[in-house]
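The values are calculated or read from the model by the stated rules, or taken from the named source; none is laboratory data. Nothing here was measured: the structure is a model prediction, and the numbers come from that model. Ideal geometry is used to build each Cβ from the backbone, glycine not excepted, and the neighbour counts take in all protein chains shown. Keep in mind that these areas ignore ligands, DNA and RNA; they rest on the heavy atoms of the full protein, side chains included. Shrake-Rupley method; radii C 1.70, N 1.55, O 1.52, S 1.80 Å.
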Amino acid sequence: MKRIGFIGLGLMGSGMSRNLLKAGYPVTVWNRTESKMRHLVEAGAKAAKSPRDVAKGSDVVVAMVTDSVDVEEVLLGPSGAVHGAKKGDVFIDMSTISPIATREMAARLEEKGVEMLDAPVSGGVIGAENGTLSIMVGGKPEVFEMCRPVLQAMGKTITYIGGHGDGQVCKAVNQILVGTTMLGVAEALVFAAKAGVNLERVHAAVSGGAAGSWQLTNNGERLLKGDHEPGFKIKDYLKDLSIIMDTAAESKTPLPATGLVHQLFRHCDAMGMRDKGTQAVVVALEKLANKRIVE
Ligand code: NAP
């Protein structure tokens with residue numbers, strides 16, 4: 001059985017590494033804030049002193065950190081995993097980062113004989129804890145096949161998309177859909193509130209029809225209760241929007257709907273709402289319409 005190294009025990013990484021242990025893999029962990037390793041060690045993981053140390057005792061190293069610069073630091077930085085890796089090892093980056101940065105890192109790792117997969121996820125903290133994540137994978141197909149059982153320990157729907165960075169492109173597609181749908185839900189509910197109709201009945205009527213969606217069912221319901229707590233935080237979505245916009249700029253792709261979404265989430269940021277859930281974008285629309293959906 002492959003020895004797994006896991007870097008980044010945040011909200012997502014904790015549950016994911018725990019599921020690798022449950023599947024029977026020997027797991028070595030490292031987290032920048034040392035205290036977060038304790039509960040994984042209690043569950044049977046070995047603690048490492050650095051990303052380099054993680055790679056020394058592993059065949060496959062998973063990274064679940066924040067953004068492109070963070071992945072670069074833990075994989076290729078001065079104490080990065082690459083310095084402890086042997087030829088043929090695989091690094092799987094499961095963070096949501098730039099496809100462009102991913103392709104650059106994969107090329108640098110290949111020079112050192114290390115394979116890379118980008119395998120960002122959708123499904124949130126609950127999916128990470130329950131091992132039900134959707135995982136979108138980029139990299140060489142044979143490396144993907146080799147790592148499929150490792151990914152299956154953390155996710156339910158594992159989809160090979162294509163070459164290096166293509167998993168991250170797929171995640172960006174997911175985030176375009178999440179944001180534009182969320183804005184549509186918020187706009188429709190403000191419209192309904194302004195028209196004075198019963199919002200619960202409208203929500204029930206449209207949820208089961210052609211306009212139905214996860215965002216309408218789940219975040220729509222939260223909005224009707226006046227619940228703006230995360231779920232998925234505005235600050236995290238702003239990171240994803242930057243990745244989407246940079247990637248679209250590189251390929252000269254206009255994203256008019258996502259552009260509007262970006263501006264309204266920036267408004268939320270300016271209003272001090274970074275730690276609210278993405279459904280709180282409704283506040284921007286409520287201000288424009290001078291009408292709150294829950295008084
Ligand atoms: P999180 O709770 O903030 O955890 C981030 C982890 O990365 C922490 O362990 C942090 O270490 C580590 N880290 C960040 N920068 C680092 C650096 N430069 N060097 C070393 N360690 C570093 O975030 P999360 O919610 O687990 O998200 C992780 C990734 O998954 C992100 O890319 C996010 O976009 C993506 N994602 C999140 C969700 C979600 O619902 N939360 C869903 C899908 C995808 P410390 O503990 O020391 O801070």
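In region 34-66, what residues are near the ligand (Cβ under 9 Å from one of its atoms), in contact with a Gly (Cβ under 6 Å, 6 or more places away or on another chain) and either part of a helix (DSSP H, G or I) or open to solvent by 50 Å² or more (accessible area, probe 1.4 Å) (or both)?
Passing the criteria: only P51.
Yes or no: region 112-132 includes at least one residue that is of a type in the set (K, R) and in contact (Cβ under 8 Å) with a residue 60 or more places away in the chain. Give the steps one after another, and end with the answer.
Of all residues in region 112-132, those of a type in the set (K, R) come to 112.
Those still in the list that are in contact (Cβ under 8 Å) with a residue 60 or more places away in the chain too: none.
Looking for residues that are of a type in the set (K, R) and in contact (Cβ under 8 Å) with a residue 60 or more places away in the chain, one finds none in region 112-132, hence no.
Does P26 satisfy the criteria of being within 11 Å of the ligand (Cβ to nearest atom), over 18 Å from V137 (Cα atoms) and touching a Gly at 6+ places or on another chain (Cβ under 9 Å)? Reasoning before the result, please.
On the way: within 11 Å of the ligand (Cβ to nearest atom): no; over 18 Å from V137 (Cα atoms): yes; touching a Gly at 6+ places or on another chain (Cβ under 9 Å): yes.
No.
If you go through region 67-84 one residue at a time, do you hit one that is closer than 20 Å to L20 by Cβ, touching a residue at least 24 places away in the same chain (Cβ under 8 Å), surrounded by fewer than 23 Cβ atoms within 10 Å (Cβ to Cβ) and away from the ligand (no atom under 13 Å from the Cβ)?
Applying the first criterion (closer than 20 Å to L20 by Cβ) to region 67-84 yields 71, 74-75, 81, 84.
If we keep only those that are touching a residue at least 24 places away in the same chain (Cβ under 8 Å) as well, we get 71, 74-75, 81, 84.
Add one more test, that the residue is surrounded by fewer than 23 Cβ atoms within 10 Å (Cβ to Cβ), and what stays is 84.
From the residues that got through so far, the ones that are away from the ligand (no atom under 13 Å from the Cβ) too are 84.
Yes: region 67-84 contains one or more residues that are closer than 20 Å to L20 by Cβ, touching a residue at least 24 places away in the same chain (Cβ under 8 Å), surrounded by fewer than 23 Cβ atoms within 10 Å (Cβ to Cβ) and away from the ligand (no atom under 13 Å from the Cβ).
Looking for whichever is charged (D, E, K, R), within 16 Å of the ligand (Cβ to nearest atom), within 25 Å of R274 (Cα to Cα) and at pLDDT 95 or above here; the options are K239, K225. Which one fits?
Numbers: K225 fails: within 16 Å of the ligand (Cβ to nearest atom).
Just a single option satisfies the conditions, and that option is K239.
Does region 132-158 hold any residues that are more than 22 Å from P26 (Cα to Cα), in contact with a Ser or Thr (Cβ under 9 Å, 6 or more places away or on another chain) and open to solvent by 60 Å² or more (accessible area, probe 1.4 Å), and which are they?
T157
(1) more than 27 Å from A81 (Cα to Cα); (2) within 14 Å of the ligand (Cβ to nearest atom); (3) surrounded by fewer than 22 Cβ atoms within 10 Å (Cβ to Cβ): which one isn't true of G179, the others all being true?
The single condition G179 does not satisfy is (3).
Please verify whether region 137-155 includes one or more residues that are outside any strand (DSSP E or B), farther than 19 Å from L21 by Cα, in contact (Cβ under 8 Å) with a residue 40 or more places away in the chain and of a type outside the set (A, V, I, L, M, F, W, C). Full working, then the answer.
Taking region 137-155 as the starting set, the residues that turn out to be outside any strand (DSSP E or B) are 139-154.
Going one step further and asking which of them are farther than 19 Å from L21 by Cα, we end up with 139-145.
Subsequent filtering for residues that are in contact (Cβ under 8 Å) with a residue 40 or more places away in the chain retains 143.
Retained after the next criterion (residues that are of a type outside the set (A, V, I, L, M, F, W, C)): none.
No, region 137-155 contains no residue that is outside any strand (DSSP E or B), farther than 19 Å from L21 by Cα, in contact (Cβ under 8 Å) with a residue 40 or more places away in the chain and of a type outside the set (A, V, I, L, M, F, W, C).
May I ask you to say which residue of L21, L9 is touching a helix residue (DSSP H, G or I) at 6+ places or on another chain (Cβ under 9 Å) and assigned to a helix (DSSP H, G or I)? Walk me through it before giving the result.
Numbers: L9 fails: assigned to a helix (DSSP H, G or I).
Testing whether each residue is touching a helix residue (DSSP H, G or I) at 6+ places or on another chain (Cβ under 9 Å) and assigned to a helix (DSSP H, G or I) leaves just L21.
Looking for something under 23 Å from S122 (Cβ atoms) and assigned by TED's automatic domain parsing to the domain that holds I158 - is there at least one such residue anywhere in region 41-59?
First, the residues of region 41-59 that are under 23 Å from S122 (Cβ atoms): none.
No.
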